[in-house]
Structure formats: structure tokens, C-alpha cells
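Structure first, commentary second.
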Amino acid sequence: MKKIIALLLACMMVVGLFAGCGSTNEPTPTEGKTDAPATDAAPTEATPEAITLKVWAPQEDQVDENSWLIQVEKAFEAAHPEYTITWDNGVCPEGDAKTMVTADPTAAADVYMFANDQLGSLVDAGALAKLGGSYLEQVQNDVSTTYVNTVTHTDGGVYGFPVAPNTWFMYYNKSILSEEDVKSLEACLEKGEVAFETTNSWYLPAFFFANGCTLFGETGTDASAGVQFGGEAGYQAIAAVVDLVNNNPNFKNGADGYGNAGLKDGSVAAYFSGSWDYAGLYEALGEDLGAVAPPTVMINGEAKQLKSYAGSKAVGVNPNAKNQKAAMQFAAFLADDDSQLLRFQLRNITPAVTALGENADVAASIVAVAENATMASASVAQPTIPEMNDVWTPIADMGTNIINGNVTADNVEEMVDAMVELLNGSGL
């Protein structure tokens with residue numbers, strides 16, 4: 001807000017100066033410059049460039065004049081008097097960017113918001129501009145390496161400005177579990193039910209990552225590295241899940257709303273989910289609602305850190321934009337610390353900028369604290385390459401087979417080998 005208020009004041013000062021100068025075209029004398037060349041025309045301010053910027057963002061960010069997008073656009077105008085801007089705003093949820101933008105990149109928005117798992121498809125469609133210079137430096141300086149990885153393509157280029165995390169963590173009932181309990185999955189299970197979406201392939205890989213398995217290399221951008229969920233590390237990870245499902249009655253499959261409903265009515269002590277569930281859970285539990293990064297889990301006799309997927313919501317620039325310079329400037333402006341803080345204040349969306357974690361309001365948000373902790377030390381960047389499309393189904397099937405009793409302590413290796421073969425079946 002400080003930036004926005006300051007910019008509006010600056011704009012008012014500029015207008016005042018223009019008014020003081022009047023509208024005459026009479027020559028202005030050169031003061032203190034006796035050697036100035038003669039001229040018939042007085043020096044004038046540069047005429048602002050008239051441009052149009054097409055911007056796509058979620059509906060919630062542009063409901064009225066007080067909404068985030070509209071406020072930031074006004075602040076950008078104040079910061080850039082060199083432009084006279086016509087804003088062409090449209091609605092596009094981050095999760096729909098791939099579909100809407102790639103339908104015709106030449107007609108799509110100049111600046112738009114997207115979920116990072118779509119980055120590969122957007123780059124391949126020629127719909128995302130690579131960042132360089134000061135824009136690349138902004139991303140590298142403002143956010144953690146984990147966030148940078150979420151918008152890095154296989155060519156090593158960075159293709160977006162992260163503005164929010166997209167990950168999952170653990171909600172819990174503070175009347176059942178203590179701050180010490182929630183550090184360990186086993187400690188939680190001693191106190192009550194824990195709901196984990198075993199059949200969901202966005203969650204189950206947490207056990208593989210906990211045991212050192214990798215997905216398309218260390219950064220998730222190397223398709224040739226394949227899915228390394230097999231061998232002893234993979235066997236041990238799935239054996240741990242099988243043991244929990246078959247031998248611990250408090251470990252429940254959180255799918256189909258079981259975890260959400262159970263946490264609300266008090267029958268579940270902890271549930272793995274994300275920021276989208278906060279409002280409903282807080283309404284039910286109030287101050288008894290807690291949130292933390294995923295806990296450790298025992299795998300092959302050792303406590304290992306469960307790791308969720310780390311994704312982001314980001315701002316991208318269309319390389320087909322007519323006013324490329326202004327589009328890139330505005331994208332960077334949308335993603336800077338003041339703009340991200342304003343969005344948090346208006347919509348409670350956790351900022352990606354590392355320094356904002358120290359802001360008093362952000363630090364007071366249990367969701368922001370949990371998301372920041374997860375992104376920092378309990379997550380793995382979710383790959384954005386096309387090969388990721390072949391990963392979801394085999395892992396979901398593994399989870400379903402575990403829940404249905406088809407995977408046992410005796411056939412873990414066989415079932416994991418079959419899964420890995422499917423995961424790498426494209427010839428990797």
C-alpha cells in the first residue's frame with residue numbers, strides 16, 4: 001500500500017505542475033544558459049504513448065474498483081506517466097490459462113496469470129516470454145530457489161513471476177494435537193485419526209520424496225532422468241504406506257471429503273490439504289484450527305520428512321503482445337512486494353516474496369506460515385514438462401490398489417516394479 005499511496009501522490013504532484021505551467025505554447029526562456037542555441041519552439045513534455053494492455057486474471061481479483069487488479073493498474077498508471085493506458089481486462093482462472101491462452105496465443109492476453117504446472121505447454125505454444133535482465137533478477141532476488149524452479153523450463157529459462165504458492169500441508173485440531181505432536185505422523189496417529197489422500201497422485205509421492213526418490217531429475221526438468229520411484233527406496237516408501245493402511249486403524253484415506261468433514265466435526269485430528277479449505281475449516285473450528293508443514297514419517301525404521309509438491313501461481317507475459325515493453329513492466333509490477341502484500345490483505349493469498357514472510361499480518365496467518373514452511377523445507381518442485389502427464393494415473397492406481405488391499409507386504413516389490421514400468425513406459 002505504501003507504494004500505491006506514494007505513487008498516487010506523485011501523480012497528483014505531476015498534475016499540479018502541469019496546471020501551474022498553463023496551456024500556453026509561448027517560448028520558455030533558457031535560464032543561466034547564455035550559449036543555448038536559438039529555437040523557435042519551446043521544450044515540451046514528451047507526449048504519453050497511448051497503449052492498450054490486455055490482462056487476464058481470476059474473477060475474484062477484478063470484482064470492482066477496490067479489487068486488487070484494478071488498484072494495481074491505477075498504481076501502475078501513476079508510476080508510468082509515459083503511457084496513456086486502455087485496460088482490456090478479462091477473466092481467466094490460473095488453472096484455465098493453458099486452455100484459454102493456447103487456443104490462440106496471438107489473440108490471448110498480453111499479461112496473464114497461470115498455474116505453474118501449465119508452464120511447459122504454454123512455452124511450447126509460444127505463449128510465454130522468457131525473462132531476462134532486471135526482470136530475471138527480480139524473480140531470483142525476491143523469491144526462494146524453490147519458487148524459481150517452479151517457473152523454470154527445460155532450457156533453463158525462467159518464464160514467469162511467482163506470486164503465490166500452490167502446495168499442500170497439514171491442518172490439525174489444536175484441542176487434540178499439540179505443537180510437538182504435529183512434527184511426527186506417528187505421534188499424531190497415537191492421538192487420533194489422520195486423513196491422507198492415499199488414492200490421490202498429488203499426495204502419495206510425498207512418501208517417495210521422503211525416502212530420496214526423484215522425479216525427472218533433481219529439479220524436475222530432465223525428462224531423460226525418468227521417474228526414479230523404484231529400487232530399495234521405492235520399495236521402502238510403499239511398504240511404509242502399506243503398513244499404515246493395513247496396520248494402523250487411525251490412518252484413513254482422506255479422499256471424497258472424508259478428511260475435510262472429519263476435521264470439521266472433530267472425528268479427525270489431522271488432514272492434509274491446502275489453502276482452499278481454510279475458510280470452511282476455520283468456520284467450523286475457529287481458534288482450534290492449526291496448520292503446519294507436513295510431518296515426518298517412519299520409513300524403514302527412520303524418521304523421514306514427508307514432502308509435498310511445490311507449485312506456484314505466476315504472472316506471465318505473452319511474447320505476441322504488441323506492447324511488449326509495457327507488458328513486461330506491468331507483469332513485474334503485479335508481482336512486486338507491494339502488489340503481493342496488497343493481494344494478501346484483500347484476499348488472504350500467501351505472497352511468494354520471501355521478505356513478506358516477516359510482515360506482521362502475513363506472520364499472523366496460520367496458512368501463510370504453513371505454506372512458507374512447506375515451500376522452504378518440505379516440498380519438491382512439481383515438474384512442468386509434458387512427460388508429467390504420464391505420471392498421474394499409475395501413481396493414483398498404486399494408491400487405489402493399496403487401499404483395496406491388492407498391495408501387501410509380500411508383493412510390494414512386484415507392484416512397485418510394475419508401477420515404475422508404466423511411469424517410464426514411454427521409453428525413458
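The values are calculated or read from the model by the stated rules, or taken from the named source; none is laboratory data. Note that the structure is predicted; figures quoted are calculated from it, not measured. Glycine gets a Cβ as well: all are built from the backbone with ideal geometry, and neighbour counts include every protein chain shown.
Looking at the range 398-426 only, could you name the residues that are farther than 20 Å from Leu244 by Cβ and in contact with an Asp or Glu (Cβ under 9 Å, 6 or more places away or on another chain)?
If the condition is that a residue be farther than 20 Å from Leu244 by Cβ and in contact with an Asp or Glu (Cβ under 9 Å, 6 or more places away or on another chain), then Leu422, Leu423, Asn424, Gly425, Ser426 are the ones that fit.
Inside the range 230-277, can you point out the residues that are of a type in the set (D, E, K, R), over 14 Å from Val297 (Cα atoms) and part of a helix (DSSP H, G or I)?
The answer is Glu232, Lys264, Asp265, Asp277.
Matching residues to (1) of a type outside the set (D, E, K, R); (2) in the same structural domain as Gly95 (by TED's automatic domain parsing); (3) at pLDDT 95 or above:
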position	(1), (2), (3)
Lys174	no, no, yes
Leu177	yes, no, yes
Glu180	no, no, yes
Ala187	yes, no, yes
Thr199	yes, no, yes
Tyr203	yes, no, yes
Cys213	yes, no, yes
Thr221	yes, no, no
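Name the residues in the range 391-407 that are over 11 Å from Ser201 (Cβ atoms), surrounded by 13 or more Cβ atoms within 10 Å (Cβ to Cβ) and not aliphatic (A, V, I, L, M), would you?
Once the filter is applied, which keeps residues that are over 11 Å from Ser201 (Cβ atoms), surrounded by 13 or more Cβ atoms within 10 Å (Cβ to Cβ) and not aliphatic (A, V, I, L, M), the range 391-407 yields only Asn401.
For the range 366-375, state whether one or more residues are closer than 26 Å to Ser67 by Cα and without any contact (Cβ under 8 Å) to a residue 40 or more places away in the chain.
Yes, the conditions are met somewhere in the range 366-375.
So if I check each of Thr219, Thr214, Thr199, which one is surrounded by fewer than 24 Cβ atoms within 10 Å (Cβ to Cβ) and touching a Gly at 6+ places or on another chain (Cβ under 6 Å)?
Result of the check over Thr219, Thr214, Thr199: Thr199.
Can you tell me which residue in the range 99-111 is farthest from Val317 (Cα to Cα), limited to those that are crowded, with 19+ Cβ neighbours inside 10 Å and in contact with an Asp or Glu (Cβ under 9 Å, 6 or more places away or on another chain)?
Applying the filter and picking the extreme gives Ala109.
Restricting to the range 223-244, and then to whatever is touching a strand residue (DSSP E or B) at 6+ places or on another chain (Cβ under 9 Å) and more than 17 Å from Val407 (Cβ to Cβ), can you tell me which residue is surrounded by the most Cβ atoms within 10 Å (Cβ to Cβ)?
The selected residue is Val227.
How many residues are among the hydroxyl-bearing types (Ser, Thr, Tyr) and buried (at least 17 other Cβ atoms within 10 Å of the Cβ) when one looks only at the range 56-89?
2
Which members of the range 400-414 meet the condition of being farther than 18 Å from Ala255 by Cα and aliphatic (A, V, I, L, M)?
Within the range 400-414, Val407, Ala409, Val412 qualify.
Among the residues in the range 376-384, are any within 24 Å of Glu179 (Cα to Cα), among the hydrophobic types (A, V, I, L, M, F, W, C), modelled with pLDDT under 95 and in a helix (DSSP H, G or I)?
Checked against the condition, which is being within 24 Å of Glu179 (Cα to Cα), among the hydrophobic types (A, V, I, L, M, F, W, C), modelled with pLDDT under 95 and in a helix (DSSP H, G or I), the range 376-384 yields at least one hit.
Name the residue that is modelled with the lowest pLDDT, counting only residues in the range 307-351 that are under 13 Å from the mean Cα position of the chain (by Cα) and of a type in the set (A, V, I, L, M, F, W, C).
Ala310
With respect to Asn247, determine if the residue is surrounded by fewer than 20 Cβ atoms within 10 Å (Cβ to Cβ) and under 23 Å from Asn211 (Cβ atoms). Steps first, please.
Values: surrounded by fewer than 20 Cβ atoms within 10 Å (Cβ to Cβ): yes; under 23 Å from Asn211 (Cβ atoms): yes.
Against the criterion (surrounded by fewer than 20 Cβ atoms within 10 Å (Cβ to Cβ) and under 23 Å from Asn211 (Cβ atoms)), Asn247 qualifies.
Failed condition for Ser308, given (1) farther than 23 Å from Ala78 by Cβ; (2) of a type in the set (S, T, N, Q); (3) surrounded by fewer than 23 Cβ atoms within 10 Å (Cβ to Cβ), with all others met?
Only one criterion in (1) farther than 23 Å from Ala78 by Cβ; (2) of a type in the set (S, T, N, Q); (3) surrounded by fewer than 23 Cβ atoms within 10 Å (Cβ to Cβ) is unmet by Ser308, namely (3).
When you go through Asp110, Asp142, Asp117, Asp96 one by one, which is the residue that is acidic (Asp, Glu) and more than 19 Å from the chain's Cα centre (by Cα)?
One residue alone meets the criteria, Asp110.
Taking the range 143-189 only, how many residues are more than 23 Å from Lys252 (Cβ to Cβ) and not small (Gly, Ala, Ser)?
Of the residues in the range 143-189, 19 are more than 23 Å from Lys252 (Cβ to Cβ) and not small (Gly, Ala, Ser).
One residue is enough: does the range 114-134 have a residue meeting the conditions touching a Leu at 6+ places or on another chain (Cβ under 9 Å), outside the structural domain of Ser273 (by TED's automatic domain parsing) and among the charged types (D, E, K, R)?
Checked the range 114-134: at least one residue is touching a Leu at 6+ places or on another chain (Cβ under 9 Å), outside the structural domain of Ser273 (by TED's automatic domain parsing) and among the charged types (D, E, K, R).
Looking at Lys322, Lys264, Lys304, Lys313, which is the one that is in contact with a Pro (Cβ under 8 Å, 6 or more places away or on another chain) and among the basic types (Lys, Arg)?
Lys313
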